[in-house]
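Notes to accompany the following structure.
The values are calculated or read from the model by the stated rules, or taken from the named source; none is laboratory data. The structure presented is a predicted model; accordingly, all values stated were derived computationally and were not measured. Note that we place each Cβ from the backbone using ideal geometry, even for glycine, and neighbour counts take in every protein chain shown.
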Amino acid sequence: MTDEPLVRWGWIGSHLAYLRDLTLDHAVIALVPVLIALVIAVPLGLLCTRFPRLYQPVALVFNVVYALPGVAVFVVLIPYTGLATRTTVMIPLTCYALAVLVPATVDGLRAVPEALRQSATAMGYGPWRRLAAVELPAAVSYVVAGLRVAAVSSISLAAVGALIGRGGLGYLFIDGFQRTFPTPIVAGIVLVAALALVTDLALVLALRLLAPWAAHERRATRRQRGATQ
Amino acid sequence: MIRFEGAAKRHPDGTVAVEGLDLEVPAGRTTVLVGPSGCGKTTILRMVNRMVTPTAGRVLLDGADVAGLDAAKLRRGIGYVIQQAGLFPQRRVLDNIATVPYLLGWDRKRARARAAEMLELVGLPPETGRRYPFQLSGGQQQRVGVARALAADPPVLLMDEPFSAVDPVVRAGLQEELLRLQAELHKTVLFVTHDIDEAVRLGDQVVVLRDHGHIAQRADPHTLLTSPADQDVTAFLGPGRGLRGLGLVPATGVELDGLGRADGWELALDAEGRPTGWTGPDGQLQGPAPVFVPARDSLHAALDAAVLSPSGLAVAVDAETGRAVGTVSRAGILGALAAGAAAAGTSTGTSAGTAKVPGGRQP
């Protein structure tokens, strides 16, 4: 190991296509669960806001799930969804993302200023329509903040899938460890970090483009909180 | 017309917000509810659009009990403006204004065209329509709030301290704008404020409330200022009632003298006949000369000009040309007040005993 350099550029050069495929696979395994979680979390968050009693039990369930080690969940799932399948890895990742996104959505909806809610009601919005058309867009910066955390942590957690044969870039860590060959490990770390960075920047940019008002809203809310403290 | 019949609101915890209110809000006029915070004025306002349900009594809108109407439909027919404007942050100004038309199912083009009209009506330039609310000043946001409330042309307008959060100069502008709009649109306006000057300035009818929505006095502004019902109302009105009342009397009745001299002071005019100042006995020009517009201003403004004038004479000018049309002394203005009071005294029975003076300057 002492003679082995940290990075062998030759290996990287001869494995470019392989690294690209692993990165794409990793992106799918990590980010599709976040999208699925978003589709579930928004209605669930709306429901928990409309019926506040639901929120504590729902939050409790997702927190418990969040505490379960990924490997343990894989072992439980393998008989049903198969070894080395995307599904087996993506189910726990979806649950982890939900544990972040449901509270983010609920917090965002709860932070909607009372004046906005009142004026929407006074103009003749029913409770559901008001939640979906007025409050949810006003909460979008909170949801995107949750999405950023969920996406980055999902990219990191997806590597564990390599233990059951489907972990995208995570495979590079096992490979390098088994062969005491550091180059794939370093390449894996750099690519995971790069994927996380690109995803995060994409989300920030998307918020700027789709919701130009949101950055300002968050600043204003923070100012208000600062003033009342 | 809105009518409250024994309307009361008792909260589940036993506290009483409003205790049996009987009140008539006449159609096409502005009724202002004024009182200290916690007197139940906002609760009363919200009973009209069912954001608060009375625990006893009822609220009638054009003879129909609002409790029997569909809440969402009722609200789309009632304009509502609040202190923080409550604009939707995610919608551009034009789409904010078009909110109720959209809810009523108007097509996009028609709703937007209507919103553009409303933007003009409240005195905002067309390009404001493409902005987001956070890009506007507080005063502009309030104007958009008013435009949004008027967009579907509701006969009734509820306003809950709409101008309280802006600075005094902007507030005065917004008040003037509301008087101008109301002179044109004749909505049934129910306006809530804790500012008695605002109440007197805007109301055709002012309702002074004390705790639990009890009416201390209901009168037109002139009657309220000149004959408060009791000590509490007098205290609430504060000092200077008499002078403030001058702001309610139009200056049209002032008898003008010529443009002559007074005690050695001579009015200096430019080539167009507009006053530039007063020339004193020492030959020094002191300008500009304080002026008022008889057709638009109040006696308060006229007296103010006379008090500020070095010669003791206020100069009356034409609103359009700015030309001097005459002068009047302090005594002359007070003479007009005596005549005005006699005229007002004969019509105390009606709720609109005094004319609103949109341009009248007030303290």
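What the table below lists for this structure:
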read-out	value
In the stretch A:111-138, residue nearest to the other protein chains (Cβ to nearest Cβ) [restricted to those that are touching a residue at least 40 places away in the same chain (Cβ under 8 Å) and part of a helix (DSSP H, G or I)]	A:PRO137
Options B:LEU124, B:LEU69; residue that is more than 12 Å from chain A (Cβ to nearest Cβ) and among the aliphatic types (A, V, I, L, M)	B:LEU124
Selection count, the stretch B:251-273, where residues are modelled with pLDDT under 85 and under 36 Å from the mean Cα position of the chain (by Cα)	3
Listing of helices (runs of 4 or more DSSP H) fully contained in the stretch B:224-322 that carry 2 or more residues being farther than 24 Å from B:VAL208 by Cβ and touching a residue at least 40 places away in the same chain (Cβ under 8 Å)	B:299-308
Extreme residue, nearest to the other protein chains (Cβ to nearest Cβ), among residues of the stretch B:37-50 that are part of a helix (DSSP H, G or I) and over 11 Å from B:LEU158 (Cβ atoms)	B:THR43
Failed condition for B:LYS109, given (1) surrounded by 15 or more Cβ atoms within 10 Å (Cβ to Cβ); (2) out of contact with any helix residue (DSSP H, G or I) (no Cβ under 9 Å at 6 or more places or on another chain)	(1)
Residues being in a helix (DSSP H, G or I) and touching a Cys at 6+ places or on another chain (Cβ under 8 Å) - total across the stretch B:183-210	0
Within the stretch B:152-177, tally of residues that are assigned to a loop (DSSP other than H, G, I, E, B) and within 20 Å of the chain's Cα centre (by Cα)	10
Scan of the stretch A:139-171 for residues that are of a type in the set (Val, Ile, Thr) and away from chain B (no Cβ under 14 Å), ordered by number	A:VAL149, A:VAL152, A:ILE155, A:VAL160, A:ILE164
Lone qualifier among B:ARG108, B:ARG76, B:ARG58 - being under 24 Å from A:PRO212 (Cα atoms) and either within 8 Å of another protein chain (Cβ to nearest Cβ) or out of contact with any His (no Cβ under 6 Å at 6 or more places or on another chain) (or both)	B:ARG108
Scope the stretch B:178-191; condition over 11 Å from the mean Cα position of the chain (by Cα) and among the hydrophobic types (A, V, I, L, M, F, W, C); matching residues	B:LEU185, B:LEU190
Single condition A:LEU68 does not satisfy, out of (1) surrounded by fewer than 18 Cβ atoms within 10 Å (Cβ to Cβ); (2) without any contact (Cβ under 8 Å) to a residue 24 or more places away in the chain; (3) within 20 Å of A:SER154 (Cα to Cα); (4) not β-branched (Val, Ile, Thr)	(2)
Restricting the stretch A:143-160 to residues that are among the small types (Gly, Ala, Ser) and under 13 Å from A:VAL204 (Cβ atoms), the residue that is surrounded by the most Cβ atoms within 10 Å (Cβ to Cβ)	A:ALA151
